[in-house]
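The values are calculated or read from the model by the stated rules, or taken from the named source; none is laboratory data. Just so it is clear, the structure is predicted and the values come from calculations on it, not from any experiment. Glycine also receives a Cβ, built like all others from the backbone with ideal geometry; neighbour counts cover every protein chain displayed. SASA here: full protein model, heavy atoms, side chains in, ligands and nucleic acids out. Shrake-Rupley method; radii C 1.70, N 1.55, O 1.52, S 1.80 Å.
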Amino acid sequence: MKKSAVETDRRRVKKLVEGKNFDFLIMSLICMDAVILGLMTSEEMNLFFDGGLFILDRLFMAIFIIEMIMKIFAFGKKFFKSGWNVFDFTVIFVYVFAIMAVCLFGDVFIEFSNLGSSLFALLQVVTLDGWASNIARPVMAVFPHSWLFFVSFVFISFLISISFLMSVVA
C-alpha cells in the first residue's frame, strides 16, 4: 500500500523537528533573539544599529512561527498534548498579538506604545484584571472595531489555557 505524499512529507518534517541539530538551531536562535531583545531596550543601541535590531527580531519571530507551523504539520493534534509545545505556541501567540497592538494602538495609547508595555497590557487582558474597563473600552472609544482584536485575544488565550491544562492533566 502506497503512502500519500502528505504522509511522507509529514514523516520527513517530523524527523527534522525531532532532531538534535534542529533543537540546537532553535535554541541558538532563541539565545540570539534574547540578546537582540536586550539590545533593543537600549536607545543608544537602537540608534547605532538604525532599525537593524528590529528587523532581526522580526526575522527571528518569522523563523519561530515557521518552526511552530512545521511542528503542527508534523504532529497534528498530538502537538497540543505536549506542555512545551503549548508553551511555545503561547509565547509566539502573545508576542504576535503584542506586536499587532503596538502597530494598531501604540500611537494613541501609552499602554501599547512599545513592546514591553503592550506585553504587560495583554497580560492584564489574559488575567481578566480590569481588562474591559481599563484597557479595551478606552481603546474601543477611539478604535470602534478594536473589539475584534480583544475578543479574539481573550478567546484564543482561553483555548490555549484549556489546552495547556489538558496537556498537564493527560
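Quick grid of which residues meet (1) out of contact with any strand residue (DSSP E or B) (no Cβ under 7 Å at 6 or more places or on another chain); (2) of a type outside the set (D, E, K, R); (3) without any contact (Cβ under 8 Å) to a residue 24 or more places away in the chain; (4) more than 24 Å from TRP131 (Cα to Cα):
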residue: GLU44; (1), (2), (3), (4): yes, no, yes, yes
residue: PHE49; (1), (2), (3), (4): yes, yes, yes, yes
residue: LEU53; (1), (2), (3), (4): yes, yes, yes, yes
residue: PHE60; (1), (2), (3), (4): yes, yes, no, yes
residue: PHE64; (1), (2), (3), (4): yes, yes, no, yes
residue: LYS77; (1), (2), (3), (4): yes, no, yes, yes
residue: GLY83; (1), (2), (3), (4): yes, yes, no, yes
residue: THR90; (1), (2), (3), (4): yes, yes, no, no
residue: GLY106; (1), (2), (3), (4): yes, yes, yes, no
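Name every residue in segment 70-89 that is farther than 30 Å from ALA5 by Cβ and open to solvent by 40 Å² or more (accessible area, probe 1.4 Å), in order of residue number.
Across segment 70-89, the qualifying residue is only PHE87.
Residue-wise test of (1) among the small types (Gly, Ala, Ser); (2) over 30 Å from ALA141 (Cβ atoms).
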| position | (1), (2) |
| --- | --- |
| ILE36 | no, yes |
| ASP50 | no, yes |
| LEU59 | no, yes |
| MET70 | no, yes |
| PHE79 | no, yes |
| ASN85 | no, yes |
| THR90 | no, no |
| VAL94 | no, no |
| GLY106 | yes, no |
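Any chance you could count how many residues in segment 98-134 are open to solvent by 80 Å² or more (accessible area, probe 1.4 Å) and over 19 Å from PRO144 (Cα atoms)?
Count: 5.
Under the condition of being of a type in the set (Val, Ile, Thr) and closer than 17 Å to VAL91 by Cβ, which residue from segment 143-161 is surrounded by the fewest Cβ atoms within 10 Å (Cβ to Cβ)?
ILE156
Identify all residues within segment 100-130 that are β-branched (Val, Ile, Thr) and assigned to a helix (DSSP H, G or I); write none if there are none.
Scanning segment 100-130 gives VAL102, ILE110, VAL125, VAL126, THR127.
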